[in-house]
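Participant: Structure incoming, see below.
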Amino acid sequence: MVLVTILLTLMMGALTWRAIAHQLAPLAAAKALAAQSSAAGASQSLPVIRQDEIGDMISGFNHLLETLKRAEYEKAELETRNRQLQKAESLGLMAASIAHLFNNRLQSIRSSLDMIGEVSKSESTSKYLSIAKEATGKAAQVSKLLLVYLGQVSMEREPCSLAEICNGNLSTIRKTLPVGVTLEANLHSEEGTVIQANEAQIQLVLAGLVSNACEAMSAGGGRIKLELGVCDAQAISTLNRYPIGWKPHGQSHTFLAVEDTGGGIPEEDIDKIFDPFFSSKSVGRGLGLPVVLGLVQAHGGGITVASKLGMGSVFRVHFPVTTHSQPVARKHAEPVSRSTSRNAILMVDDDDLLLESTGPMIETLGFTLLKACDGIEALAVFHKHQAEICCVLTDLTMPRMNGMELLVALRQIDPDLPVVLASGYDQTQALSGTDAAPPQAFLYKPFGLKQLRDALDRALGVL
Ligand SMILES: Nc1ncnc2c1ncn2[C@@H]1O[C@H](COP(=O)(O)OP(=O)(O)OP(=O)(O)O)[C@@H](O)[C@H]1O
Ligand SMILES: [Mg+2]
């Protein structure tokens, strides 16, 4: 009897153990699969073959795995975006420095050329002088384009219909199409396509994108499609979206899509096409898209790119839809007349070469020249010679105290003092971010003798 009881107990134990082992089998399989997939570096979900607690556990495990995978993907995305942002920042810094240096050097060259013209009136000299001046002007254009790339462009904007701007340009665009390239335009004026824009700049955006589309076609030609539409901010693709870090403002956006059947862009190049001087065509080109991007950025917009090698490209430009109906008018300073007993002009610039070359132009115009290398020194010179100074001509970007800070300090001493601000930056850009009364005149570097005379006349109330 005892033996039977022992046997029965053993059998029951074995049965119970088998039942437990059967219950745990999926877990063991799950563990093996998890070990296998993690050894392979992959993280695949486990099959859920049961509808009980163990099945629930495996579902929970799968969910956790998914969350981890998503977090890993988001981390990689964030790292890529950070790298792109750093690159964009250093490119921006480089472009701004080149533009600043370039403009100062060009200003010295331009001033010297004008001074040579003043001292030598021979015909042969004047021929070469005008060639040199033209070359200076063209070089200045390149540095201006770099500032456009940085979004630092003049922005006189008003409510415009994107459809009207694009339609108004169609005939001009059609005339420039190479043989074999056709243009299909789907530019219906939809409600909501009114944007706060500068028409000429939007035309440049359209022309830049169409010109690239044309150049992407092989000799056999192809098709370009222009399309307008309205979409929600959330619907704008986050893939290949520029400028890096751009986020749509507000809800509704209107877009202009330029699609081509050209050769497409290699995936590894898409991130570079908006870099200044990146070009697959020739050295020295590659300012088209940076300028397009700068103009779009200055309108608060962004661009998305979709392209596959051999399959064509779509550039989609997104603009926030406007709610304003009237552009804001800028305030202008009243010109002030000065007595003729004050005849000195205080020129302030941190660039020695520039003081050396541009200073004599001031003397040529009949003024006495006083010089200072930054705002702090300028204030000291001003205090000493206030009775003689009729006008201050100052650079914008200087160490210690910049041109705008100097302007504010001078206004506190003499609110009516005529000031001319000279800068390589666009006037609107240079004056943005300050509540100070604007200078009486602005000079865009590089300027010549005539522009200097006009600016001084304006500041002194002669014009
Ligand atoms: N629609 C397109 N299809 C294929 N590649 C394109 C397209 N648009 C731009 N790209 C690529 O982007 C590069 C940069 O374009 P970007 O307009 O800045 O300069 P570019 O056209 O080379 O010279 P340019 O300064 O005369 O405009 C081009 O060289 C080309 O490789
Ligand atoms: Mg181009």
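The values are calculated or read from the model by the stated rules, or taken from the named source; none is laboratory data. None of these values were measured; they are calculated from a predicted model. Backbone-built Cβ (ideal geometry, glycine too); neighbour counts: all protein chains shown.
Participant: Give the residues of region 180-200 that are within 25 Å of residue 152 (Cβ to Cβ) and either surrounded by fewer than 18 Cβ atoms within 10 Å (Cβ to Cβ) or without any contact (Cβ under 8 Å) to a residue 60 or more places away in the chain (or both), sorted by residue number.
Facilitator: Passing the criteria: 199, 200.
Participant: Here's a follow-up. Can you find, within region 207-234, the residue that is farthest from residue 90 (Cα to Cα) among those that are over 22 Å from the mean Cα position of the chain (by Cα) and among the aliphatic types (A, V, I, L, M)?
Facilitator: Looking at the filtered set, the residue picked out is 219.
Participant: Has region 230-253 got any residue that is surrounded by 17 or more Cβ atoms within 10 Å (Cβ to Cβ), at pLDDT 90 or above, among the hydrophobic types (A, V, I, L, M, F, W, C) and within 11 Å of ligand 1 (Cβ to nearest atom)?
Facilitator: no
Participant: Where the second residue is polar (S, T, N, Q) and at pLDDT below 95 and the first is within 14 Å of residue 198 (Cα to Cα) and lies in region 295-320, which pairs have Cβ atoms under 6 Å and are six or more apart or on separate chains?
Facilitator: These pairs meet every condition: 295/201; 319/254.
Participant: Looking at region 136-189 only, could you name the residues that are among the polar types (S, T, N, Q) and either in a helix (DSSP H, G or I) or in contact with a Ser or Thr (Cβ under 8 Å, 6 or more places away or on another chain) (or both)?
Facilitator: 136, 141, 143, 154, 161, 167, 169, 171, 172, 176, 189
Participant: Return the only residue of 257, 197, 216 being more than 18 Å from residue 312 (Cβ to Cβ), of a type outside the set (Phe, Trp, Tyr), assigned by TED's automatic domain parsing to the domain that holds residue 175 and touching a strand residue (DSSP E or B) at 6+ places or on another chain (Cβ under 9 Å).
Facilitator: None of the others qualify; the one that does is 197.
Participant: Oh, and also: What are the pairs with Cβ atoms under 9 angstrom where one residue, in region 43-64, is aromatic (Phe, Trp, Tyr) and the other, located anywhere, is surrounded by 14 or more Cβ atoms within 10 Å (Cβ to Cβ) and assigned to a loop (DSSP other than H, G, I, E, B)? Sequence gap at least six, or different chains.
Facilitator: 61/45; 61/46
Participant: Of the numbered conditions (1) part of a loop (DSSP other than H, G, I, E, B); (2) more than 21 Å from residue 101 (Cα to Cα); (3) not charged (D, E, K, R), residue 409 satisfies every one except a single condition; which is it?
Facilitator: (1)
Condition check ((1) under 30 Å from residue 230 (Cα atoms); (2) surrounded by 13 or more Cβ atoms within 10 Å (Cβ to Cβ); (3) touching a helix residue (DSSP H, G or I) at 6+ places or on another chain (Cβ under 7 Å); (4) not β-branched (Val, Ile, Thr)) across all residues:
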| position | (1), (2), (3), (4) |
| --- | --- |
| 89 | no, no, no, yes |
| 92 | no, yes, no, yes |
| 121 | no, no, no, yes |
| 133 | no, yes, yes, yes |
| 139 | no, yes, yes, yes |
| 151 | yes, yes, yes, yes |
| 169 | yes, yes, yes, yes |
| 173 | yes, yes, yes, no |
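Participant: Also, quick follow-up: Quick check on region 305-320: of everything there that is in a loop (DSSP other than H, G, I, E, B) and either touching a strand residue (DSSP E or B) at 6+ places or on another chain (Cβ under 8 Å) or more than 10 Å from ligand 1 (Cβ to nearest atom) (or both), which residue is modelled with the highest pLDDT?
Facilitator: 312
Participant: Just one of (1) surrounded by 15 or more Cβ atoms within 10 Å (Cβ to Cβ); (2) at pLDDT below 90 trips up residue 416, so point out which.
Facilitator: (1)
Participant: With (1) among the β-branched types (Val, Ile, Thr); (2) within 23 Å of residue 203 (Cβ to Cβ); (3) within 13 Å of ligand 1 (Cβ to nearest atom) as the list, and residue 261 as the residue in question, which single condition is left unmet?
Facilitator: Here residue 261 meets the rest and fails (2).
Participant: Among the residues in region 387-397, are any surrounded by fewer than 17 Cβ atoms within 10 Å (Cβ to Cβ) and farther than 22 Å from residue 110 by Cα?
Facilitator: Looking through region 387-397, at least one residue is surrounded by fewer than 17 Cβ atoms within 10 Å (Cβ to Cβ) and farther than 22 Å from residue 110 by Cα.
Participant: Which residues, counting only those in region 190-229, are within 16 Å of ligand 2 (Cβ to nearest atom) and in a loop (DSSP other than H, G, I, E, B)?
Facilitator: Of everything in region 190-229, just one residue is within 16 Å of ligand 2 (Cβ to nearest atom) and in a loop (DSSP other than H, G, I, E, B), namely 217.
Participant: Moving on to the next point. Are there any pairs with C-beta distances below 9 angstrom linking a residue in region 201-212 that is hydroxyl-bearing (Ser, Thr, Tyr) to a residue that is more than 9 Å from ligand 1 (Cβ to nearest atom), with the two at least 6 apart or on different chains, and if so which?
Facilitator: 211/176
Participant: What's the number of the only condition in (1) within 16 Å of ligand 1 (Cβ to nearest atom); (2) assigned by TED's automatic domain parsing to the domain that holds residue 251; (3) loosely packed, with under 13 Cβ neighbours inside 10 Å that residue 177 fails to meet?
Facilitator: That leaves (3) as the condition not met.
Participant: Among the residues of region 264-290, write down those that are touching a residue at least 40 places away in the same chain (Cβ under 8 Å) and near ligand 2 (Cβ under 9 Å from one of its atoms).
Facilitator: 281, 287, 288, 289
Participant: Being within 21 Å of residue 458 (Cα to Cα), in contact with a helix residue (DSSP H, G or I) (Cβ under 7 Å, 6 or more places away or on another chain), polar (S, T, N, Q) and assigned to a helix (DSSP H, G or I) is the requirement here; does residue 394 meet it?
Facilitator: It is false that residue 394 is within 21 Å of residue 458 (Cα to Cα), in contact with a helix residue (DSSP H, G or I) (Cβ under 7 Å, 6 or more places away or on another chain), polar (S, T, N, Q) and assigned to a helix (DSSP H, G or I).
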